[in-house]
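The structure appears below as structure tokens.
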Amino acid sequence: MNLLPVADALKTIIDAISQTDNEVVPLAKANGRILAHDIAAVFDQPPFDGSAMDGYALNAKAGAKGTQLDVIGVSAAGEAFEGTLTAGQCTRIYTGAPMPEGANAVIMQEKISRDGDIITLEDDVVAGQNVRDKGNDFALGDVLISMDTKLSPFHLALAAAANHATLQVRKAPKLTLVATGDELVPPGSTLEKDQIIASNGFGLTPLFAHFGAEVKDGGIIKDDRQTLKNELKRMLDEKPDVLVTTGGASVGDRDYVKEVLEELGVELSFWKIAVRPGKPLMFGTKGKTTIFGLPGNPVSALVTGTVFVVPAIKAKLGQSPDHMITQLPLTADMASNGPRQHYRRAKLTQNANGSLGVDPHMQSDSAHLTSLSASDCFVVQKPLEESKRVGEMVDVLVMPWAVG
């Protein structure tokens, strides 16, 4: 069987994706969500010319050093001065307060001397000095946050300032994650002969959640064909946006996932990818549910989850599914690659000058979690790519937690 190239597999996945619907959430619940429409300003901010400093508001025509001015009132935030300044007058003003009529500049309080209600300027003043113009932050009609933006705390502060109490966002894709295998038991178990701890979900769940999925733990299903069929039917009947299985995707006598999914009406688009690690990977659809059958080996599951499932989640949320690939210099020699695209475990490094590099791990066992745990990126080696030496540039897929 010919193995499907990674690029072709990703195109097949993305072409099959439908976006989730929208929902309205309170502003306080919108952090990390994907904005479903542009947010435009419905007023000017600030809505008036205001002071950027504590000081005195005056007309710059009377702003020469040594000029004396009468203080005729105070303009404070929330309590503007009512009246118009005339020649020889000024007002005390505080940061954020509206500029009085007739004033076009503010002199800092440190730049004057005051005797009763008379100030003397100790520096020259020019028009516009220390004044925040109306609409300086944003103006009526400005697009403040664009559709498909992943909302950060900074975005939410801006949305609040623009008087939005709620935001329309993409619904989080509902993703069901299930492990298969007689040998699997949950962490904390007393291991019996031939048992291993089920670890995949504890990596895949936060990985998928980081990119916006709402993950439901489907537990562990034993390698019993009828039990597997019953459980997968129940999960598919719930119509999640995404169903991800781990294990049982290969060609062993007890690897039932592929045939059971087909019996349940799943239309499989491909099975087996030219990727390393993680060749036995399935993808299919049933209605609006996207189905992935990931390998059971922990590194293979986490690599294929990153490379193939994460782009599907992003596409469902209306975001670009493309991986962010950067180029960095090698800090160690790297062996040539075979016929499958290799996502080689690696670690970002930083030299004394602050420049980034990448240190590739030589370990390639698909169940070797300690090497994966010591990684924060993958060097992406194309099929049959030649060996590389220290200092040569390579493609690097950086994990989100590597950059905070």
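Pop out the carbon and sulfur fraction of the accessible area of segment 302-404 as a percent, whole number, probe 1.4 Å.
Details: 2510 of 4780 Å².
Exposed carbon and sulfur together represent 53 percent of the surface.
Give a quick list of GluC sites (Glu not before Pro) in segment 167-218 that DSSP marks as loop, anything other than H, G, I, E or B, with at most 12 other Cβ atoms within 10 Å.
Numbers: sites: Glu183, Glu192, Glu214; in loops: Glu183, Glu192.
Sites meeting the loop and neighbour criteria: Glu192.
Heavy-atom accessible area per residue, segment 309-402, 1.4 Å probe: how many Å²?
Numbers: 4520 Å² over 94 residues.
Computed with neighbouring chains in place, this is 48 Å² per residue.
At 1.4 Å probe size, what's the solvent-accessible area of Thr12? Round to the nearest 10 Å².
Ignoring ligands and nucleic acids, Thr12 comes out at about 50 Å².
Report the calculated FRET efficiency for Ala352 and Asp117 (r = Cβ-Cβ distance, R0 = 51 Å), to the nearest 0.05.
Values: r = 61 Å, r/R0 = 1.19.
Working from the Cβ atoms, E equals 0.25.
Note the angle between two axes, namely the Cα long axis of helix 200-210 and the longest principal axis of the Cα atoms of the chain, as a number of degrees from 0 to 90, rounded to the nearest 10.
30
Given the protein chains as shown and a 1.4 Å probe, how many square angstrom of Met393 are accessible, to the nearest 10?
90
Can you tell me the relative contact order of segment 285-404? Whole percent, Cα pairs under 8 Å, sequence separation 6 or more.
On the way: 208 pairs, mean separation 36.4, N = 120.
Relative contact order of segment 285-404: 30 percent.
Residue by residue through segment 321-331, which ³J(HN,Hα) values in whole Hz follow from phi under the Karplus form 6.51 cos²θ - 1.76 cosθ + 1.60 (θ = phi - 60°), with glycine and proline marked x?
In residue order, the calculated couplings are x, 5, 6, 7, 9, 10, 10, 9, x, 6, 9 Hz.
Could you tell me what percent of the accessible area of segment 167-256 is made up of carbon and sulfur, with a 1.4 Å probe and every protein chain present?
Details: 2300 of 4570 Å².
The computed percentage sits at 50.
Of Thr91, Thr227, Thr120, which has the most accessible area with a 1.4 Å probe, and how do the rest follow in descending order?
Details: Thr91 0, Thr227 60, Thr120 35 Å².
Final ranking, largest accessible area leading: Thr227, Thr120, Thr91.
To make sure I understand the rule: partners must be lysines, Cα under 18 Å from the Cα of Lys222, and not fewer than 8 residues away in the same chain. Which ones qualify?
Lys193, Lys233, Lys258
What is the set of long-range amide H partners of Gly128 at a cut-off below 5 Å, with H atoms built 1.01 Å from backbone N?
Ala105
At a Förster distance of 30 Å, what's the computed FRET efficiency of Ala374 paired with Ala209, Cβ-Cβ distance as r, to 0.05?
Numbers: r = 23 Å, r/R0 = 0.75.
The computed FRET efficiency comes out at 0.85.
For segment 1-65, with all protein chains present and a 1.4 Å probe, just round the carbon and sulfur fraction of the accessible area to a whole percent.
Details: 1830 of 3460 Å².
Looking at segment 1-65 in its full context, I get 53 percent from C and S.
Taking 0.36 nm per intervening residue step and subtracting the Cα-Cα distance, what contour gain separates Asp8 from Ser269 on full extension?
On the way: separation 261, 0.36 × 261 = 93.96 nm, distance 1.11 nm.
Gain on stretching Asp8 to Ser269: 92.8 nm.
So what is the calculated 222 nm ellipticity per residue for the chain, using -39500 (n - 2.57) for each DSSP H run with n of 4 or more, over all residues, to the nearest 500 deg cm²/dmol? Present the calculation step by step, with values, prior to reporting the outcome.
Working: 8 runs with 69 residues, N = 404.
Estimated from H runs of four or more residues: -4500 deg cm²/dmol.
How far, in degrees from 0 to 90, does helix 225-237 lean away from the longest principal axis of the Cα atoms of the chain, to the nearest 10?
With both axes taken from Cα atoms, the answer is about 30 degrees.
How much accessible area per residue does segment 192-285 have, in Å², with a 1.4 Å probe?
48
Write down the percent of antiparallel bridges among all DSSP beta bridges whose residues are both part of the chain, to the nearest 5. Present the calculation step by step, with values, prior to reporting the outcome.
On the way: 56 of 83 bridges.
If we restrict to bridges inside the chain, about 65 percent are antiparallel.
Rounded to the nearest 5, what % of the DSSP beta bridges within segment 1-128 are antiparallel ones?
Bridges in segment 1-128 that DSSP calls antiparallel: roughly 75 percent.
Counting pairwise Cα distances across segment 70-219, what percent come out greater than 28 angstrom? It would help to have the intermediate numbers written out before the result.
Working: 6339 of 11175 pairs.
The share of Cα pairs beyond 28 Å in segment 70-219 comes to 57 percent.
Determine the relative contact order of the chain: mean sequence separation of Cα pairs under 8 Å and six or more apart, normalised by residue count, in whole percent.
On the way: 915 pairs, mean separation 62.6, N = 404.
Once divided by the residue count of the chain, the mean separation gives 16 percent.
Take Ser152 and Glu262, extend 7 Å from each Cα along the Cα→Cβ direction, and tell me the distance between the two endpoints in nm.
Roughly 4.7 nm, to one decimal.
Which of Asn136, Asn104, Asn351 moves most in a GNM of the chain, Cα contacts under 10 Å?
Checking each option, the largest mean-square fluctuation is seen for Asn351.
Could you do me a favour and compute the accessible area per residue for segment 24-153, 1.4 Å probe, result in Å²?
Working: 6760 Å² over 130 residues.
Ligands and nucleic acids excluded, the figure is 52 Å² per residue.
The values are calculated or read from the model by the stated rules, or taken from the named source; none is laboratory data. No experiment lies behind these values; they were computed from the predicted model shown. All Cβ positions, glycine included, derive from the backbone under ideal geometry; neighbour counts span all protein chains shown. Side chains included, ligands, DNA and RNA excluded: accessible areas come from the protein's heavy atoms. Shrake-Rupley method; radii C 1.70, N 1.55, O 1.52, S 1.80 Å.
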